[in-house]
Amino acid sequence: MADQPADRDIAALHALADQAGLIRHWHDAGGRPRELGVDALRTVLRQLQLPCDDAGQCDASRRQLIGEDHTLPPLFTADADATVWLPLRGEATPFRLEFEDGSGMAGTATPGHDNWLTLPPVGAWGYHRLLLGDHGDVAFTLAVAPPRCFFPAPKHDGRKKPWGLAAQVYALRRGADTGMGDFSALTALCRSAAYFGADAVAINPLHAGFPGLPERYSPYSPSSRLFLNPLYADPAAILGSGAWQAAVSALGLADLLATLEALPEIDWPGVSRARFAILRWLWEHRDTCLGASHAARFDAFRLRGGEGLHAHATYDVLQAHLLAAGNGHEIAGDWRRWPAAYRHPDSPAVREFAAAHADDIACQVFAQWLADEGLAATQHAAVGAGMSIGLIADLAVGTDPAGSHAWMRQDAMLTGFSAGAPPDQLNPVGQGWGISVFSPRALRRLAYAPFLEMLRANLSRAGGLRIDHVLGFARMWLVPDGSPPQAGAYLRYPLDDLLRLVALESHRARAVIVGENLGTVPHDLNAALERRGMLGIDVMWFQRSHEHIPVDDEADDVPAGVPAFLPPRDWPPVALGVTTTHDLPTIAGWWAGNDIGWRARLGQLGPGETEGASRGVRAAERHAMWQALGRDGLAPAGTPPPPPGAPPVAAILRWLATAGTALRMAPVEDIIGEAEQPNLPGTIGGPGSHPNWQRRLDADMRTLGATPPASVHLGALRGDPPPEQ
């Protein structure tokens, strides 16, 4: 019997989905098999501009994709000292390979399996020029990657493995009226941590925000991942304290800055207005504020930034102009709703605008220069104080689709989608993060230039880089605009190419790479990261064994047993071992169930979950943690755990210090015993909500560790033996 039309349509739809890189079958976070339905497939394919209403449309769209795939890419990747497989079939062909250092090699590309052409192994890392044919008629870039990412050689001083701290830069204080943490506060933290022997300080993303829309302050929804947020700059550290004081005095901002500094939570709009006013004043008085060396460095920075820096600064000025002209945030805040003439950075109208507002644009470039100089100085200070790594920067998974990065690199971005995550135990309806990501097909077409541009920008002033949601290197959950998160689909990304390019850039920058691999992890991804020397993240709260710990407690809401905690010495070695992350409770917060209280107040408990039951589970987990500490001699064996309000922070940090991971780390919040976490996922701020990305810490970073409990906690994380009982 012939297939019914519906059957032919579905077969053609599935073939198109496979060709487009959609993943129709996967396993969720609980290990259960999942399959994309027909409606979801059609929704996503249409958003990818691939008509798919019937078999004829699906076949035509599929032929279009096949044609694209048969076009040779301008760049392909290979591993050093391994056979190079070229993305084309053919007969034996002469080749010449021109290395970056000017040397080269020549030979014959020979057919391998299924007639795919191969080259002999290449030992030299780098971006080499490959020419095929008798006369070099076809040219490519061959990116040859080292086998693993960079990691510094161990110090030969008898210490345990490297360790460090994690910090939200905006939260730090340094005894000055600044309204928020800045690079000088970060420098003070690095010096304090280095004094105790720390090797690294991991920080939140410092990506460029929206100067005209300071209410958009989430570090993970930036305007651009290519540039910095100038609010973190400390002009006094670059230009001298006299310049800062002159600006504050001239603008009458001393009292306001003191008021902002005293707040327990950042007033982002207030701080932004004050600090940008100071930056503007400094620019207007640059003749007296900038010395000859400053001016020379600024000119060099501007030249180095080129077209990209100019376009980003133009975006900020153009957005401010539209806001000042009376356009509301919905229009001025989204370049896709700007007047049509302004929707591309290369348009005649934008060039005309830039010429008419050259001084304003130069001021934005000046602000970027101050931030760049400040971050470079912090990294220099960290390494100079003895750190083997220094700063570990953070690369957000995407950008705000209304921001400058999406405006500047429109040909590289997926449009009509938000990156997110499918439903899981913590988020039963899934997540849509409201951010845009690169298109995998565009990256291939553009020789991965947008990806490399972004990597280099974020590695330029750091000794390491944390890649948020590295799961997206293999597949990204894409939610079509206007659809709920569960209507999304996984799109495949070129994992091998991306990992090779990261390894190559890691060695060029001599920077450690950390991949945030938490969530619904694709099969074999962790093994691929480990082979490449990219550190995964082992979070203490999630590291459990198959053993169950019985709990002797007669309370109705306390379970009879919970999974035992896996000793840190048994954690995977190619990893960063941490107590927590910015999205999870601190040690004190976890011990007290602070996160449970917040989720209950904000209606974030799952179906059938109650606050009492959740606190009962947490009580059982405290028993399990206390028993694990007792087994390792870090707590009195056989005794009940301390009450919720008395967390054993030092013992837990000392336990983490036994980790067999390549690097171990705890946030500054754990060092000072803070119970609140920086961010509570799933909340969006506002009155009564969780103050995400706003909390300031009370401790002065210049003297962190001078007194208990910080000194005790730093010693514990360093691996000092516990005091005698």
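Computed from the coordinates by the stated procedures, all read-outs in this text should not be read as laboratory data. Just so it is clear, the structure is predicted and the values come from calculations on it, not from any experiment. Quick reminder, even Gly has a Cβ in these numbers, built from the backbone with ideal geometry, and neighbours come from all protein chains shown.
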Just grab the label-to-label distance for D524 and H546, each label 7 Å out from Cα along the Cβ direction, in nm (one decimal). 2.4 nm
When the helix-only estimate is applied to the chain (DSSP H runs of n ≥ 4, each -39,500 (n - 2.57), divided by the residue count), what is the mean residue ellipticity at 222 nm, nearest 500 deg cm²/dmol? -11500 deg cm²/dmol
Taking every DSSP bridge whose two residues both lie in the chain, the antiparallel percent to the nearest 5 is 60 percent
Hey, got the dipole for region 293-359? About the Cα centre, +1 on K and R Cβ, -1 on D and E Cβ, debye to the nearest 20? 120 debye
When ranked by the protection proxy of mean other Cβ atoms within 10 Å per residue, highest first, what sequence do the peptides 60-72, 461-473 form? 461-473, 60-72
Would you grab the residues whose amide H sits under 5 Å from the one on T586? Only those 5+ places off in sequence or on another chain, please, with H modelled 1.01 Å from N. Q677
On full extension of the chain, what length is gained from T707 through R46, given 0.36 nm per residue of separation minus the C-alpha to C-alpha distance? 231.9 nm
Heads up, the chain by the C-alpha gyration tensor (a ≥ b ≥ c square roots of eigenvalues; a/c under 1.5 rounded, else a/b over b/c prolate, else oblate) looks rounded
As a footprinting exposure proxy, order F301, F76 by other Cβ within 10 Å, with the fewest listed first. F301, F76
Which ³J(HN,Hα) values in Hz, rounded to whole numbers, follow from the phi angles of region 536-550 under the Karplus curve 6.51 cos²θ - 1.76 cosθ + 1.60, where θ = phi - 60° and Gly and Pro get x? x, 10, 9, 8, 3, 5, 9, 7, 10, 9, 7, 6, 10, 9, x
FRET efficiency, R304 to A11 (Cβ-Cβ, R0 56 Å, nearest 0.05): 0.55
If I stretch the segment between D255 and Q410 completely, what's the gain in nm (0.36 nm per residue apart, minus their alpha carbon distance), one decimal? 51.5 nm
Going by average Cβ neighbours within 10 Å, how do the peptides 192-199, 376-383 rank, with the highest at the top? 192-199, 376-383
Report the Cα-based extents of region 5-69 along its three principal axes, largest first, to the nearest Å. 37, 28, 17
Fewest-first ranking of T683, T83, using other Cβ atoms within 10 Å as the exposure measure: T83, T683
Using only the Cα atoms of region 631-725, build the gyration tensor, take square roots of its eigenvalues as a ≥ b ≥ c, and label the shape rounded, prolate or oblate: rounded if a/c is under 1.5, else prolate if a/b is larger than b/c, else oblate. prolate
With contacts defined as alpha carbon pairs under 8 Å and 6 or more residues apart, what's the relative contact order of the chain in percent? 15 percent
Would you please give the residues with an amide H less than 5 Å from that of R544, counting only those at least 5 places away or on a separate chain, with H modeled from the backbone geometry? L566
Residue by residue through region 656-663, which ³J(HN,Hα) values in whole Hz follow from phi under the Karplus form 6.51 cos²θ - 1.76 cosθ + 1.60 (θ = phi - 60°), with glycine and proline marked x? 4, 5, 8, 4, x, 6, 5, 8
Tell me, what HN-Hα J-couplings in whole Hz come from the Karplus equation 6.51 cos²θ - 1.76 cosθ + 1.60 at θ = phi - 60° for each residue of region 233-249, using x for Gly and Pro? 5, 10, x, 4, 6, 9, 9, x, 5, x, 5, 4, 5, 5, 5, 4, 5
From the Cα gyration tensor of region 77-145, with a ≥ b ≥ c the square roots of its eigenvalues, which class applies: rounded if a/c is under 1.5, or else prolate if a/b is larger than b/c, or else oblate? oblate
